[in-house]
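Working notes for the structure below.
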Amino acid sequence: MTVRQWLRAAIARLAGSESPKRDAEILLGFVTGKSRSWIIAFDDSELSAEQLSQLDDLLARRANGEPVAYLTGQREFWSLSLSVSPDTLIPRPDTELLVEQALAHLPETASTVLDLGTGTGAIALAIASERPDCQVTGVDRIAAAVSLAESNAQRLGITNARFRLSNWFSAVSGEQFTLIVSNPPYIDAEDQHLQQGDVRFEPDSALIAADNGLADIKQIAAEAGHYLLPGGWLLLEHGWQQAEAVRAILQQNHFVSVATAKDYGGNDRVTYAQKR
Ligand code: GLN
């Protein structure tokens, strides 16, 4: 079977997915070790029996809904190629807004940053790579996430990010940071979004929060003040319908200059606030 024939059949089989062509090309690239441009240019190449059996297995799993990033163990975020695993959320393009806003709120002088619920380390590593003068700490309460983030840092050669096992602030008591950033769980357990598509394969611990999805945001907002230097910023990702509630929570916790930024889809996505 040629690359072209396999691609045609695979795209038909993935008709239920959001991006059948892209998914099929990524799986083909993963199994053959070739780039997308090679696949397009040499699509009359024959696939080996071994490649075909590996591709069949991956295609069946993808058709069943498993995210491509879990099948290949890899995902691009910011300008970084990250290892991902089913222990962690797959970094989303929307979350790049959180990185942009964090960079915009960091002073020009060397600073310290805390990333709560770091998962793959995506946010911490993106900030650390852009600001080599800053020290970034990423924490997660899942040990497998901490080791994944550490191995991502090592592979990318990013030396100004360190990772720790921590239930929110538990491992950083007594420390104060210039900026705290988090993409916490913020989806209500009853939300229909959780029943559809790739998200079904991602860990509940990274997605679901009690209290209409606001429980973790409330906890972070209540405690963050102790871990911020005066004038420091807290930035939180949240659901597109949660902005007003998140602003109110931050104001109740005595933060000032509270405002929300929209993602590329035009949805409220990141709210930031300053410690007085
Ligand atoms: N934005 C993600 C989603 O919609 C959720 C991320 C999160 O809960 N922190 O699937």
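Using the structure shown, decide if Glu130 is in contact with a Phe, Trp or Tyr (Cβ under 6 Å, 6 or more places away or on another chain) and either more than 30 Å from Gly197 (Cβ to Cβ) or more than 16 Å from the ligand (Cβ to nearest atom) (or both). No, not satisfied. Summed over the stretch 110-133, the residues that are surrounded by fewer than 21 Cβ atoms within 10 Å (Cβ to Cβ) and at pLDDT 95 or above give a count of 7.
Based on what the data block shows, is Arg200 out of contact with any helix residue (DSSP H, G or I) (no Cβ under 9 Å at 6 or more places or on another chain) and among the basic types (Lys, Arg)? Taking the combined requirement at face value, the residue does not satisfy it. One residue stands out among those in the stretch 161-191 that are out of contact with any helix residue (DSSP H, G or I) (no Cβ under 7 Å at 6 or more places or on another chain) and among the hydroxyl-bearing types (Ser, Thr, Tyr): the one that is surrounded by the fewest Cβ atoms within 10 Å (Cβ to Cβ), which is Ser173.
Taking the conditions (1) among the basic types (Lys, Arg); (2) closer than 22 Å to Ala209 by Cβ; (3) more than 16 Å from the chain's Cα centre (by Cα) in turn, Arg162 satisfies each one other than (2).
All of Asp216, Asp198, Asp211 fail the test of being within 16 Å of the ligand (Cβ to nearest atom) and either within 23 Å of Pro132 (Cα to Cα) or part of a loop (DSSP other than H, G, I, E, B) (or both), apart from Asp211. In summary, Ala261 fulfils each of the numbered conditions (1) away from the ligand (no atom under 11 Å from the Cβ); (2) of a type outside the set (Val, Ile, Thr); (3) assigned to a strand (DSSP E or B); (4) closer than 18 Å to Thr178 by Cα with the single exception of condition (4). Of the residues that make up the stretch 33-46, is at least one at pLDDT 95 or above, at negative phi and aliphatic (A, V, I, L, M)? No - not one qualifying residue is present in the stretch 33-46. Can we say Val172 is under 21 Å from Leu97 (Cα atoms) and either without any contact (Cβ under 8 Å) to a residue 60 or more places away in the chain or within 16 Å of the ligand (Cβ to nearest atom) (or both)? Here the answer is no, as Val172 does not meet what is asked. Just so you know, in the stretch 74-106 the residues that are charged (D, E, K, R) and not in a loop (DSSP other than H, G, I, E, B) include one that is nearest to the ligand (Cβ to nearest atom), and it is Asp94. Ser205 meets the stated requirement of being small (Gly, Ala, Ser), within 12 Å of the ligand (Cβ to nearest atom) and in a helix (DSSP H, G or I). For the criterion of being outside the structural domain of Gly16 (by the TED database) and either touching a Cys at 6+ places or on another chain (Cβ under 6 Å) or in contact (Cβ under 8 Å) with a residue 24 or more places away in the chain (or both), Ile208 fails.
The values are calculated or read from the model by the stated rules, or taken from the named source; none is laboratory data. Because the structure is a prediction, the values reported are computed rather than measured. Using ideal geometry, Cβ is built from the backbone for each residue, glycine included, and neighbour counts are taken over all protein chains shown.
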